[in-house]
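The structure under discussion is supplied below as structure tokens; questions concerning it will follow.
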Amino acid sequence: MVLAVRAALEALLQEELSLRGFEVSPRVEVPPRRELGDLAWAGALALAKSLGKPPRGLAQELAKSLEAKLQQAEGPLGLLEPKVSVEGPGFLNFHLRRGPVVGQALQAGFHETPERPAKIIVEHTNINPNKAAHIGHLRNAVLGDVLARCLRFLGYPVEVQNYIDDTGVQVADVVVGFVFLPEAELLEAVRQVWPSPSSRREVLEEFAKRKRENRLVVEALGEADFDDLCWQLYPQVTRWYEQNPEASARRTEVLHALEGGAPESLSLEEAVAALAAGNQDPQALARLGAAVAETNLRCHLLTMGRLGVAYDVLPHESDILRRGFWQRAFELLQEAGCIRKETDGKNAGCWVMSLADSPEFAGMADADKILVRSNGTVTYTGKDIAYQLWKLGLLRDPDGTCHDFGYVPFARFHQDGPAAPVRYGEGPRVLFRTSADPNQKPENASFGRGQKVYNVIDVRQSYPQKVVKEAVRALGFPESAENSIHFAYEMVALTPKAVHQLEAQTGTSFGLNPEEEKKPFVEMSGRRGLGVKADELLTTLVVEAKKAIRERLPEGESPADLESRARDIAVGALRYQMARQGRNRVLAFDFAEALAFEGDTGPYLQYSAVRAKKIFEKLAQAGLAGSPEEDAAALASTLLPNDLWELAFSCLRTPEVVEKAVASLEFSLLAGHARELAQTFHNLYHRYPVLHAENEQERAVRRAVFRLFLLTITTILEELLGIPVPAEM
């Protein structure tokens with residue numbers, strides 16, 4: 001609403017200035033203090049210089065003309081007071097009609113969502129499907145999810161993609177662990193989750209059996225499942241490579257098998273039987289690898305689903321390879337003269353893209369980026385270019401048709417509210433995965449071809465992402481290149497204290513050296529087994545939330561909804577911590593800070609929403625709940641006090657904050673806005689009692705403002721930040 005008034009006022013100012021010979025686009029701002037006005041324009045100071053007259057004189061002339069038009073204004077301009085004040089050397093200050101503005105917000109909603117036809121693609125999460133998700137993955141998923149939510153709030157159709165690298169080194173290493181790791185070391189890792197197997201054969205057979213019986217993925221939070229087993233196995237393989245360098249040949253063997261794939265006719269049971277018998281057939285390795293990747297993926301979906309994170313489609317690396325995405329991208333790059341094959345020097349035999357002419361890479365000593373190595377293998381950047389072209393709808397065949405995947409349903413799911421957990425198994429929504437068969441096109445399965453694409457990936461990938469953007473530009477699509485946006489963020493690390501807490505908890509030494517002990521944080525490493533699993537963190541948060549809930553109750557009392565209430569608080573604490581930190585700062589994870597339930601935390605915001613809901617529950621019990629229409633009528637003839645208006649005005653500015661957060665990709669702005677709203681509300685809560693107000697008019701005014709706050713904070717928490725509002729705290 002405030003955005004609409006600002007836009008209308010800017011248009012009116014532009015019209016008035018044009019009549020005076022100024023062709024400018026005036027910018028209306030919000031003054032830092034309400035006594036200065038709700039909106040202001042300072043442009044007279046700059047324009048008056050060209051006329052050689054005092055800016056205050058120009059401002060007064062404009063104010064007189066604007067007042068005449070505001071007297072008759074309708075629509076957004078009708079929400080402004082007709083009086084325009086001139087302050088200081090020539091500032092124009094405007095005031096909103098407080099009562100009507102709040103009344104309209106209550107009846108029509110504080111935000112009108114415009115229709116924007118251009119689809120935006122947000123790609124996030126992208127966890128290698130080789131072991132359990134850790135807290136670093138949570139930051140990616142939460143930031144990507146909040147971006148998608150904010151874009152939808154602003155009216156954009158959004159498609160969320162989760163890219164699955166099911167043929168990469170990480171999956172290959174887990175397969176190596178199951179098939180080639182010395183049996184004693186395999187059993188050491190596996191028995192931490194599956195205690196019964198006593199041989200490699202039994203491990204493989206147990207995997208196939210559990211897969212057949214759908215027992216590899218465990219719904220209950222806190223119970224170990226397959227990705228936890230792989231978490232133990234993966235670092236064992238890494239240590240084996242370090243101790244036996246020749247063992248890395250097994251990785252290469254499995255990588256080739258994964259890229260080759262397996263026929264659909266080969267079952268997992270048949271593959272396991274062959275491997276258990278010592279027959280390391282490439283197709284059997286590929287079938288095992290596909291099962292490992294799919295099972296870890298389902299574990300990851302369950303983890304993210306607990307946080308309310310959902311996806312639309314799962315593009316698979318294996319399908320990109322088998323559909324020839326890179327081959328087609330290579331042809332396009334070659335036709336456009338973007339790449340060349342080196343014949344001598346250190347890059348002899350490689351296909352490279354020159355970056356020398358791009359300002360983005362100015363001053364680089366080596367401005368050639370290898371896309372295809374001399375042995376014919378494609379680099380990750382080459383694959384990323386092909387994938388990005390598809391996402392933008394630019395990967396086209398010679399006849400002009402889109403070079404596309406096929407699609408098949410992967411899972412059905414439901415989500416009972418914007419911040420509710422995503423539950424897989426049944427429901428009205430379908431999560432699709434890509435297929436290498438382009439003829440598989442179920443109804444409503446159309447993906448890619450976004451006008452704008454956000455790739456959510458940490459700051460360490462900035463250089464490859466710039467190369468991808470430059471490739472799009474070099475192909476002759478400058479606008480699409482500008483719409484290829486890298487949403488970069490800093491990593492999640494552990495404080496040394498957190499590392500030692502983890503060592504005490506797991507009984508494992510991560511071997512920090514003296515230099516690492518002195519650092520403020522230590523980067524996590526899956527290869528070292530150093531990290532906090534996402535599910536373990538959420539489990540701990542739920543436990544701590546239960547303790548906090550019980551501390552607020554009479555001794556021995558335990559509410560029936562304790563589990564769901566604790567889950568809501570835990571999710572709120574986790575998601576807020578991931579969003580509130582500036583994206584360009586390393587998030588140094590510390591257990592004590594993560595488990596705090598006071599201060600700058602998600603639970604503090606949840607409490608403000610619960611507290612506001614309680615006001616209306618008590619009003620309803622007394623028959624005084626009123627309605628938005630009644631409150632709007634009471635506001636029509638009442639001037640809101642400054643402090644109540646400050647809260648209301650801040651609520652109304654939420655869409656503006658969302659726009660700024662999306663434009664800057666800095667969602668700490670939105671988190672900070674929510675925190676300030678909550679603090680303002682808590683400060684007013686006792687000063688302006690609603691149930692025991694002096695009279696009905698006072699009650700209606702206070703009720704209106706607190707109703708607007710409840711609507712706003714609930715929207716920010718549940719719809720935008722994905723933080724559930726519990727029934728009780």
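The values are calculated or read from the model by the stated rules, or taken from the named source; none is laboratory data. Fair warning: this is a prediction, and the values are worked out from it, not measured in the lab. In this analysis, Cβ positions are derived from the backbone assuming ideal geometry, glycine residues included, and neighbour counts consider all displayed protein chains.
Across region 64-118, what is the number of residues that are among the hydroxyl-bearing types (Ser, Thr, Tyr) and outside the structural domain of Glu15 (by TED's automatic domain parsing)?
Of the residues in region 64-118, the ones among the hydroxyl-bearing types (Ser, Thr, Tyr) are 65, 85, 113.
If we keep only those that are outside the structural domain of Glu15 (by TED's automatic domain parsing) as well, we get 113.
Number satisfying all stated conditions: 1.
Examine region 521-533 for a residue that is closer than 29 Å to Thr715 by Cα, modelled with pLDDT under 90, crowded, with 18+ Cβ neighbours inside 10 Å and touching a helix residue (DSSP H, G or I) at 6+ places or on another chain (Cβ under 6 Å), and state whether such a residue exists. Give the steps one after another, and end with the answer.
To start, the set of residues in region 521-533 that are closer than 29 Å to Thr715 by Cα comprises none.
Checked against the condition, which is being closer than 29 Å to Thr715 by Cα, modelled with pLDDT under 90, crowded, with 18+ Cβ neighbours inside 10 Å and touching a helix residue (DSSP H, G or I) at 6+ places or on another chain (Cβ under 6 Å), region 521-533 yields no hits at all.
So that you can scan it fast, the table gives a plain yes or no per residue for (1) closer than 30 Å to Ala700 by Cβ; (2) touching a strand residue (DSSP E or B) at 6+ places or on another chain (Cβ under 9 Å); (3) surrounded by 16 or more Cβ atoms within 10 Å (Cβ to Cβ):
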| residue | (1), (2), (3) |
| --- | --- |
| Phe589 | no, yes, yes |
| Pro603 | no, no, yes |
| Ser608 | yes, no, yes |
| Lys618 | yes, no, no |
| Ala632 | yes, no, yes |
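If you don't mind, there's one more thing I want to ask. With region 612-691 as the region, which helices (runs of 4 or more DSSP H) entirely inside it contain at least 1 residues that are touching a helix residue (DSSP H, G or I) at 6+ places or on another chain (Cβ under 6 Å) and at pLDDT 95 or above? Walk me through it before giving the result.
On the way: elements: 628-635, 642-652, 654-664, 668-685.
Output list reads 642-652, 654-664, 668-685.
Can you list residue pairs whose Cβ atoms sit under 6 Å apart, with the first residue in region 652-679 being closer than 20 Å to Arg6 by Cα and the second being among the hydroxyl-bearing types (Ser, Thr, Tyr)? Count only pairs 6 or more apart in sequence or on different chains.
Sorted first by the residue in region 652-679, then by its partner, the pairs are Thr654/Thr712.
Taking the stated definitions as given, is Phe487 at pLDDT 90 or above and outside the structural domain of Trp231 (by TED's automatic domain parsing)? Write out each step before concluding.
Working: at pLDDT 90 or above: yes; outside the structural domain of Trp231 (by TED's automatic domain parsing): yes.
Criteria met by Phe487.
Suppose we filter region 226-261 for residues that are aliphatic (A, V, I, L, M) and over 22 Å from His300 (Cβ atoms); how many remain? Give the derivation first.
Here is the first cut: in region 226-261, the ones aliphatic (A, V, I, L, M) are 229, 233, 237, 247, 249, 254-255, 257-258.
From the residues that got through so far, the ones that are over 22 Å from His300 (Cβ atoms) too are 247, 249, 257.
Going through region 226-261 one residue at a time, the tally reaches 3.
Another question about this same structure. Restricting to region 404-433, what's the tally of residues that are farther than 30 Å from Gly602 by Cβ and aromatic (Phe, Trp, Tyr)?
Qualifying residue count for the region: 4.
So which helices (runs of 4 or more DSSP H) are wholly in region 268-373 and hold at least 1 residues that are under 31 Å from the mean Cα position of the chain (by Cα) and not assigned by TED's automatic domain parsing to the domain that holds Ala419? Let's see the steps before the verdict.
Numbers: elements: 268-276, 282-306, 317-322, 325-335.
In region 268-373, the matching helices (runs of 4 or more DSSP H) lie at 282-306.
Among residues belonging to region 59-85 that are over 14 Å from Leu13 (Cβ atoms) and touching a helix residue (DSSP H, G or I) at 6+ places or on another chain (Cβ under 6 Å), point out the one that is surrounded by the fewest Cβ atoms within 10 Å (Cβ to Cβ).
Once the filter is applied, the top-ranked residue is Pro82.
Which residues, counting only those in region 53-109, are among the β-branched types (Val, Ile, Thr) and in contact with a Leu (Cβ under 6 Å, 6 or more places away or on another chain)?
Filtering region 53-109 for residues among the β-branched types (Val, Ile, Thr) gives 84, 86, 101-102.
Listed by number, the residues that qualify are Val84, Val101, Val102.
Now for a separate question. If Arg575 satisfies every condition in (1) at pLDDT below 90; (2) within 25 Å of the chain's Cα centre (by Cα) but one, which is the exception?
(1)
Scan region 425-437 for residues that are under 17 Å from Thr303 (Cα atoms) and within 20 Å of the chain's Cα centre (by Cα) and report the count.
Residues in region 425-437 being under 17 Å from Thr303 (Cα atoms) and within 20 Å of the chain's Cα centre (by Cα): 1 in total.
Tell me yes or no: at least one residue of region 96-111 is free of Cβ contacts under 8 Å to residues at least 60 places away in the same chain, surrounded by 19 or more Cβ atoms within 10 Å (Cβ to Cβ) and over 17 Å from Leu640 (Cβ atoms).
Within region 96-111, none of the residues are free of Cβ contacts under 8 Å to residues at least 60 places away in the same chain, surrounded by 19 or more Cβ atoms within 10 Å (Cβ to Cβ) and over 17 Å from Leu640 (Cβ atoms).
Among the residues of region 508-541, which ones are over 22 Å from the mean Cα position of the chain (by Cα) and under 16 Å from Gly572 (Cβ atoms)?
Passing the criteria: only Thr540.
Being in a helix (DSSP H, G or I), charged (D, E, K, R), surrounded by fewer than 21 Cβ atoms within 10 Å (Cβ to Cβ) and on the phi < 0 side of the Ramachandran plot: is that true of Glu264 here?
no
With Val254, Val237 as the choices, which residue is touching a residue at least 24 places away in the same chain (Cβ under 8 Å), part of a helix (DSSP H, G or I) and either over 36 Å from the mean Cα position of the chain (by Cα) or more than 30 Å from Leu537 (Cβ to Cβ) (or both)? Lay out the reasoning, then the answer.
Numbers: Val237 fails: either over 36 Å from the mean Cα position of the chain (by Cα) or more than 30 Å from Leu537 (Cβ to Cβ) (or both).
Val254 is the lone residue from the list that is touching a residue at least 24 places away in the same chain (Cβ under 8 Å), part of a helix (DSSP H, G or I) and either over 36 Å from the mean Cα position of the chain (by Cα) or more than 30 Å from Leu537 (Cβ to Cβ) (or both).
Collect the residues in region 1-51 that are assigned to a helix (DSSP H, G or I) and among the hydroxyl-bearing types (Ser, Thr, Tyr), keeping them in residue-number order. Walk me through it before giving the result.
Step one: list which residues in region 1-51 are assigned to a helix (DSSP H, G or I), which gives 2-19, 34-36, 44-51.
Scanning region 1-51 gives Ser18, Ser50.
Can I ask one more? Within region 151-199, which residues are in contact (Cβ under 8 Å) with a residue 40 or more places away in the chain and among the aromatic types (Phe, Trp, Tyr)?
Phe153, Tyr156, Tyr163, Phe178, Phe180
Return the residue satisfying two criteria in turn: it lies in region 11-58 and is polar (S, T, N, Q) and surrounded by 11 or more Cβ atoms within 10 Å (Cβ to Cβ), and of such residues it is modelled with the highest pLDDT. Can you show your working first?
So the first thing to find is which residues in region 11-58 are polar (S, T, N, Q), and the list is 14, 18, 25, 50.
Okay, now just the ones that are also surrounded by 11 or more Cβ atoms within 10 Å (Cβ to Cβ), so 14, 18.
Details: Gln14: 95, Ser18: 91.
If we take residues in region 11-58 being polar (S, T, N, Q) and surrounded by 11 or more Cβ atoms within 10 Å (Cβ to Cβ), then Gln14 is modelled with the highest pLDDT.
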